[in-house]
Amino acid sequence: MKTGVILLNMGGPDSIEAIQPFLENLFSDPEILRFPLSFILQKPLARFISKKRAVKVAPLYEAMGGESPQCRITAEQARLLGEELGDDYRVVVAMRYWNPRADEAVREVKEWGAERLVVLPLYPHYSRATTGTSLTDLDVALKAAGAVGLPRVTVTSWEDFPPYVEALAETLKEAMPEGGETTILFSAHGLPERLIKEGDPYLAQVERTVAAVMERFPGKPNKLSFQSRTGPVKWLEPYTDEMIKELAGDGVEDLTVLAVSFVSDHIETLQEIDVEYRELALEAGMKRFRRAPALNARPSFIRALAKRVKAAEEEF
């Protein structure tokens, strides 16, 4: 049986010129930017915000080589996952806000002759602002390609899937100093608080991941915080920058950060954590600050993805 595996991710600009259109796609999504009369005003507002923000973040992307590495890393994850699964599988990538888009992914697996599909979001934790909107986008592409009838299993979340937790624990252990004398800070991508109040399971799932990882590090001091907030609305707290200052004020001198909701490096890890938060921590009086490496193409993570695909196949 030929199985198509579609990996869903957000995507990122693959050049400086792509920053503005990427951001416009992002802010045009009603799950990302919602306000009264948004059905009328969202497109022009998204264009305005994206042009203004593109100028601000362009130097950050230039510092990373002129692109977000997420697209390149996700493509590598797909390639390695395909090798791990074997010839009866075709692994493709569908990015929500940049290339390759869902229609390209669907076309590729259809032309290959896929007889069934496993849809695996590269968001371990479900939110309608990430997994939800990506699945909606994929549904549109499947319908347009006449592929709605393909048998399909969708993995909506995998926050406490043991092989994934083991991969996270592995990278955290590698980063911790010899003897493990450090405070662990799990930094997850933020989410507007209103989504949680409306029933979004993201927060509870992130907390489950943290609890599962900490079972491997009993007794180690740890905290959970949230990064990358934007706009005037209230986001999940505590914020990572404020948590770093609080820990420094409590006398913490050694901090190890694990970006718990990200499975690949991008601007939030390479710039926000590695540059901004590092400077903040050292200025606040900490002596040592490090980030556990992102999962990226780590072999244990690729094996975890393969096992999750295999587990999903049992649902057919």
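The values are calculated or read from the model by the stated rules, or taken from the named source; none is laboratory data. Note that the structure is a prediction, hence the values are computed from the model and not measured. Here the Cβ is made from the backbone with ideal geometry for all residues, glycine too, and neighbour counts use every protein chain on show.
A single entry from SER28, SER50 fulfils the requirement of being modelled with pLDDT under 95, farther than 27 Å from TYR89 by Cβ, touching a Pro at 6+ places or on another chain (Cβ under 9 Å) and not hydrophobic (A, V, I, L, M, F, W, C): SER50.
Would you mind stating whether GLU17 is of a type in the set (Asp, Glu) and out of contact with any helix residue (DSSP H, G or I) (no Cβ under 7 Å at 6 or more places or on another chain)? Steps first, please.
Working: of a type in the set (Asp, Glu): yes; out of contact with any helix residue (DSSP H, G or I) (no Cβ under 7 Å at 6 or more places or on another chain): yes.
Yes: the conditions hold for GLU17.
Residue-level check: of (1) farther than 14 Å from ILE302 by Cβ; (2) in contact with a Gly (Cβ under 9 Å, 6 or more places away or on another chain); (3) not polar (S, T, N, Q), TYR89 misses just (1).
What residue, of GLY86, GLY82, is surrounded by fewer than 16 Cβ atoms within 10 Å (Cβ to Cβ) and either of a type outside the set (Val, Ile, Thr) or within 21 Å of THR133 (Cα to Cα) (or both)? Even if it seems obvious, please write down each step before you answer.
Details: GLY82 fails: surrounded by fewer than 16 Cβ atoms within 10 Å (Cβ to Cβ).
Among GLY86, GLY82, only GLY86 is surrounded by fewer than 16 Cβ atoms within 10 Å (Cβ to Cβ) and either of a type outside the set (Val, Ile, Thr) or within 21 Å of THR133 (Cα to Cα) (or both).
Count of the range 120-165 residues, restricted to those that are under 21 Å from ARG90 (Cα atoms) and of a type in the set (Asp, Glu), is 2. Could you check how many residues of the range 130-139 are surrounded by fewer than 21 Cβ atoms within 10 Å (Cβ to Cβ) and small (Gly, Ala, Ser)? Residues in the range 130-139 being surrounded by fewer than 21 Cβ atoms within 10 Å (Cβ to Cβ) and small (Gly, Ala, Ser): 1 in total.
One residue stands out among those in the range 51-71 that are buried (at least 16 other Cβ atoms within 10 Å of the Cβ) and charged (D, E, K, R): the one that is farthest from LEU8 (Cα to Cα), which is ARG53.
Which one of these is of a type in the set (Lys, Arg), out of contact with any strand residue (DSSP E or B) (no Cβ under 6 Å at 6 or more places or on another chain) and surrounded by 18 or more Cβ atoms within 10 Å (Cβ to Cβ): ARG152, ARG96? Walk me through how you get there before you give the answer.
Details: ARG152 fails: out of contact with any strand residue (DSSP E or B) (no Cβ under 6 Å at 6 or more places or on another chain).
Only one candidate qualifies: ARG96.
Of the helices (runs of 4 or more DSSP H) entirely within the range 1-100, those holding at least 3 residues that are within 26 Å of GLU198 (Cα to Cα), out of contact with any Leu (no Cβ under 9 Å at 6 or more places or on another chain) and free of Cβ contacts under 8 Å to residues at least 12 places away in the same chain occupy 38-63.
Looking across the range 198-214, the residues that are of a type in the set (Asp, Glu) and in contact with a Leu (Cβ under 9 Å, 6 or more places away or on another chain) come down to ASP200, GLU207. The set of residues in the range 101-120 that are part of a helix (DSSP H, G or I) and surrounded by fewer than 19 Cβ atoms within 10 Å (Cβ to Cβ) comprises ASP103, GLU104, ARG107, GLU108, LYS110, GLU111, TRP112. Here VAL148 passes the criteria (1) of a type in the set (Val, Ile, Thr); (2) without any contact (Cβ under 8 Å) to a residue 24 or more places away in the chain; (3) under 16 Å from LEU7 (Cα atoms) except the one numbered (3).
In this structure, does PRO201 turn out to be under 19 Å from LEU81 (Cβ atoms), out of contact with any strand residue (DSSP E or B) (no Cβ under 7 Å at 6 or more places or on another chain) and not acidic (Asp, Glu)?
Working: under 19 Å from LEU81 (Cβ atoms): no; out of contact with any strand residue (DSSP E or B) (no Cβ under 7 Å at 6 or more places or on another chain): yes; not acidic (Asp, Glu): yes.
No; evaluated as a whole, the condition is false for this residue.
Only residues that are hydroxyl-bearing (Ser, Thr, Tyr) and closer than 18 Å to ARG298 by Cα were counted in the range 147-185, giving 2.
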